[in-house]
Amino acid sequence: MKFSLVAETLKFMEGTTKRLELTKYLVDLFKITPPEIISHVVYLLQGKLRPDHEGIEMGIAEKIAIKAISKSAGVPIKKIQQEYNKLGDFGQAASKILEQKTQTTFLTQDITVERVYDTLYKIAELKGARSQDMKMKYISSLLNDATPIEAGFILKIITNSLRLGIADFTILDSLAIAFTGTKENRGMLEHAYNVSSDLGKVASAVAKNGIEAIKNFQVAVFSPVRPMLAERVKSPQEAHEKMGAEFAAEYKLDGERVQVHLQGEKIILYSRSLENITNYYPDIVEKISRAINAKEVILEAEAVAINEDSGEFLAFQELMHRRRKYGVTKAVSQYPITVNFFDVMFVDSKSCLNLSYKERRKMLEKLVKEDTFAKLVPMIIVKNDNDVEDFLENAINAGCEGLMLKQLDGIYKAGARGSNWLKIKREYRNELGDSLDLVVIGAFYGRGRRTGKYGALLLGTYNNETDTFPSICKVGTGFTDESLDQFYQILSDKITIKKNPRIESGLEADVWFEPEVVIEIVASEITLSPIHKTAMDTIRKGSGLALRFPKFTGRIRLEKTPENATTDQEIISLYNGQKRAVQEEKKQNYL
Ligand code: AMP
């Protein structure tokens, strides 16, 4: 397949922010893509070569790409740099430079998707001291045969700056329309994606064998399952309203979620966002198999830092010391953990997702032989509000965030936030202290002491119906000088030239970001807002919801993807809960 067909689609897609139009371009492209290479096209559209959990990264620095352009176009590096500074878009700058060259040379051959993909794959696999030169040679060879537009997109892909703003949902919609004729089948494709976490694999199956192939998608070891999420509740009463009389309550530990895949000797650990985190937990790899009674399993656990002397749970931040390239071994002995299992997804070739919580917990209790390192998350069956209150008190005293409440007959809904699981934190019970996880979507430059840094961040919620990030507040308090520096650094490679189409905001930020970083915020109240877009038109026509007196808590939620952020729906229920509380208070005062 000619790469020009992909490049043309990318060009059209860059010109729009409307999801319907993006979908249409994708449908047209998918229909003309040979099924054997559709997975490659899907990965390239996302600027990837394989799904994230395989950890294959292109990792080309702009400096090398500029050298390659210079070599291919015979133009000095300085001139390329100037063009880049002027246009602010790496791909466009490259196209422009290479255009001047094509006017004087002949293109030797059509460049194909297969060649682009294979070359990029070879580049990603290159390691070692001499790899930079080889990488440059490969890139130059592609640039020599590509048209300027193609070259621009190839360079954007390899430098990780292709920012189309297409979400997984949009790709799933487009696949459903292209290969099953209707968007109605999106749900089935989504299920396949939820159990495989591999959009390319889903695309390839539906393109080759239609919807039947999708029905056969199964959970498998070393292919992470998209995790199930919980809705929040404020009180035991609300939990009882949602779940009925009897349900399970587990400690909600404040650590890192780890999906443990084990087959014989081989162990791979995935984070909540399905990144391969095996390297950070050599202690789990070393100790876990002796605690597990099966040859092939997928289990879920929370890894929690502990005080070895007292056995007390420590806060999540302690685990972050392990997030480093070198010196992990030292961090492992300095910051010991326990692994606390709470679910089972797969045992000896069989998926457990459709079993009830009760059945899964029973299996888990048989599978895990507890020792000083491997534990089962403490659980009780609760029958009334007092049980919940008491257990919550115990959990908080043990250093936990709160409780997870789980429906006894609920199945494991991969990739979904549903009312089969609820979470109750102590802070939710304090009217003014609700903590929210919000996505950083933009920033405003600071003044005074904050000159040269960001003075305030623009934050958004996640609307899971429209798959967008509407703005909910601007936050400028709660930051230390250190955290401001840290933000400036973290956010510098998330900057986008234009606002990502998934961001909805009535404010014009000084800088827009790719919606990727999630931070924790507390606020005093949720109010109606004519400016912010969260839950727009839901409570009142023409109004959204906003936070009053938002404050950064100091926690950057590294383990959360933007789609795990607080949703519009959650804000609406907090808003309604707050209204109810005010009415209650008025009634009390009146009486
Ligand atoms: P939150 O991050 O507030 O949405 O809460 C969900 C997270 O709580 C999960 O992703 C897990 O990392 C963590 N967690 C702690 N204890 C449990 C438990 N018993 N069951 C499920 N998740 C838990």
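The values are calculated or read from the model by the stated rules, or taken from the named source; none is laboratory data. All of these numbers come straight from a predicted model, not from anything done at the bench. In this analysis, Cβ positions are derived from the backbone assuming ideal geometry, glycine residues included, and neighbour counts consider all displayed protein chains.
For the stretch 224-242, give me each residue that is away from the ligand (no atom under 15 Å from the Cβ) and not charged (D, E, K, R).
Within the stretch 224-242, SER235, PRO236, GLN237, HIS240 qualify.
From (1) surrounded by fewer than 22 Cβ atoms within 10 Å (Cβ to Cβ); (2) away from the ligand (no atom under 13 Å from the Cβ); (3) touching a residue at least 24 places away in the same chain (Cβ under 8 Å); (4) over 19 Å from ALA416 (Cα atoms), pick out the condition that doesn't hold for GLU275.
GLU275 satisfies all of (1) surrounded by fewer than 22 Cβ atoms within 10 Å (Cβ to Cβ); (2) away from the ligand (no atom under 13 Å from the Cβ); (3) touching a residue at least 24 places away in the same chain (Cβ under 8 Å); (4) over 19 Å from ALA416 (Cα atoms) except (4).
Any chance you could count how many residues in the stretch 359-383 are in contact (Cβ under 8 Å) with a residue 60 or more places away in the chain and either outside any helix (DSSP H, G or I) or more than 14 Å from the ligand (Cβ to nearest atom) (or both)?
So the answer is 15.
Looking only at the stretch 445-485, count how many residues are among the polar types (S, T, N, Q), within 28 Å of ASP168 (Cβ to Cβ), in contact (Cβ under 8 Å) with a residue 60 or more places away in the chain and not in a loop (DSSP other than H, G, I, E, B).
Counting residues in the stretch 445-485 that are among the polar types (S, T, N, Q), within 28 Å of ASP168 (Cβ to Cβ), in contact (Cβ under 8 Å) with a residue 60 or more places away in the chain and not in a loop (DSSP other than H, G, I, E, B) gives 2.
Has the stretch 158-174 got any residue that is under 21 Å from ALA93 (Cβ atoms) and at pLDDT 90 or above?
No: zero hits.
Which numbered condition trips up VAL221, out of (1) closer than 19 Å to GLU300 by Cα; (2) β-branched (Val, Ile, Thr); (3) within 16 Å of the ligand (Cβ to nearest atom)?
Unmet condition: (3).
Of all residues in the stretch 403-422, which are of a type in the set (Val, Ile, Thr) and either surrounded by fewer than 16 Cβ atoms within 10 Å (Cβ to Cβ) or not in a loop (DSSP other than H, G, I, E, B) (or both)?
Scanning the stretch 403-422 gives no hits.
Within the set of pairs 6+ apart or on separate chains, which have a first residue in the stretch 243-258 that is assigned by TED's automatic domain parsing to the domain that holds ILE556 and among the acidic types (Asp, Glu), a second that is in a strand (DSSP E or B) and within 6 Å of the ligand (Cβ to nearest atom), and C-beta atoms under 7 Å apart?
none
For MET345, all conditions in the list (1) over 30 Å from PHE217 (Cα atoms); (2) under 25 Å from the mean Cα position of the chain (by Cα) hold save one; what is the number of the exception?
With (1) over 30 Å from PHE217 (Cα atoms); (2) under 25 Å from the mean Cα position of the chain (by Cα) applied to MET345, the lone miss is (1).
Restricting attention to helices (runs of 4 or more DSSP H) lying wholly within the stretch 111-173, give those where 2 or more residues are touching a Ser or Thr at 6+ places or on another chain (Cβ under 7 Å).
Here the list reads 131-145, 148-158.
Given the criteria within 30 Å of ARG449 (Cβ to Cβ), in contact (Cβ under 8 Å) with a residue 12 or more places away in the chain and within 16 Å of the ligand (Cβ to nearest atom), does ILE556 qualify?
Considered against the rule, which asks whether it is within 30 Å of ARG449 (Cβ to Cβ), in contact (Cβ under 8 Å) with a residue 12 or more places away in the chain and within 16 Å of the ligand (Cβ to nearest atom), ILE556 comes out as yes.
Here are GLU508, GLU570, GLU516: which of them is within 16 Å of the ligand (Cβ to nearest atom) and either outside any strand (DSSP E or B) or out of contact with any strand residue (DSSP E or B) (no Cβ under 8 Å at 6 or more places or on another chain) (or both)?
Checking each option against the conditions leaves just GLU570.
LYS215 fails exactly one of the following numbered conditions: (1) at pLDDT below 95; (2) within 20 Å of the chain's Cα centre (by Cα). What is the number of that condition?
(2)
What single numbered condition from (1) in a loop (DSSP other than H, G, I, E, B); (2) surrounded by fewer than 20 Cβ atoms within 10 Å (Cβ to Cβ); (3) touching a Phe, Trp or Tyr at 6+ places or on another chain (Cβ under 9 Å) fails to hold for ALA230?
Among (1) in a loop (DSSP other than H, G, I, E, B); (2) surrounded by fewer than 20 Cβ atoms within 10 Å (Cβ to Cβ); (3) touching a Phe, Trp or Tyr at 6+ places or on another chain (Cβ under 9 Å), the lone unmet condition for ALA230 is (1).
Scan the stretch 13-56 for residues that are within 25 Å of ASN194 (Cβ to Cβ), assigned to a loop (DSSP other than H, G, I, E, B) and more than 23 Å from the chain's Cα centre (by Cα) and jot them down.
Of everything in the stretch 13-56, just one residue is within 25 Å of ASN194 (Cβ to Cβ), assigned to a loop (DSSP other than H, G, I, E, B) and more than 23 Å from the chain's Cα centre (by Cα), namely THR33.
Given LYS71, LYS96, which one is surrounded by fewer than 21 Cβ atoms within 10 Å (Cβ to Cβ), in contact (Cβ under 8 Å) with a residue 12 or more places away in the chain, among the basic types (Lys, Arg) and touching an Asp or Glu at 6+ places or on another chain (Cβ under 7 Å)?
LYS96
If ALA303 passes every condition in (1) modelled with pLDDT of 90 or more; (2) among the small types (Gly, Ala, Ser); (3) surrounded by fewer than 20 Cβ atoms within 10 Å (Cβ to Cβ); (4) within 16 Å of the ligand (Cβ to nearest atom) but one, which one does it miss?
With (1) modelled with pLDDT of 90 or more; (2) among the small types (Gly, Ala, Ser); (3) surrounded by fewer than 20 Cβ atoms within 10 Å (Cβ to Cβ); (4) within 16 Å of the ligand (Cβ to nearest atom) applied to ALA303, the lone miss is (3).
Could you pull out the residue among GLU250, GLU256 that is near the ligand (Cβ under 7 Å from one of its atoms) and under 19 Å from GLY55 (Cβ atoms)?
Sole residue among the options that is near the ligand (Cβ under 7 Å from one of its atoms) and under 19 Å from GLY55 (Cβ atoms): GLU256.
How many residues are assigned to a helix (DSSP H, G or I) and among the small types (Gly, Ala, Ser) if we restrict to the stretch 384-402?
Number of matching residues: 1.
For the stretch 393-426, give me each residue that is within 19 Å of MET345 (Cα to Cα), more than 23 Å from the chain's Cα centre (by Cα) and within 10 Å of the ligand (Cβ to nearest atom).
Across the stretch 393-426, the qualifying residues are LEU405, LYS406.
Restricting attention to the stretch 521-542, and to residues there that are of a type outside the set (Lys, Arg) and closer than 17 Å to THR468 by Cβ, which single residue is surrounded by the most Cβ atoms within 10 Å (Cβ to Cβ)?
Looking at the filtered set, the residue picked out is THR534.
Which residues, counting only those in the stretch 328-364, are more than 23 Å from GLN263 (Cβ to Cβ), crowded, with 18+ Cβ neighbours inside 10 Å and among the polar types (S, T, N, Q)?
THR338
Checking the conditions here, which among LYS201, LYS156 is of a type in the set (Lys, Arg), buried (at least 22 other Cβ atoms within 10 Å of the Cβ) and more than 16 Å from the ligand (Cβ to nearest atom)?
None of the others qualify; the one that does is LYS156.
Name the single residue that is surrounded by the most Cβ atoms within 10 Å (Cβ to Cβ) among those in the stretch 21-57 being hydroxyl-bearing (Ser, Thr, Tyr) and more than 23 Å from HIS261 (Cβ to Cβ).
THR33
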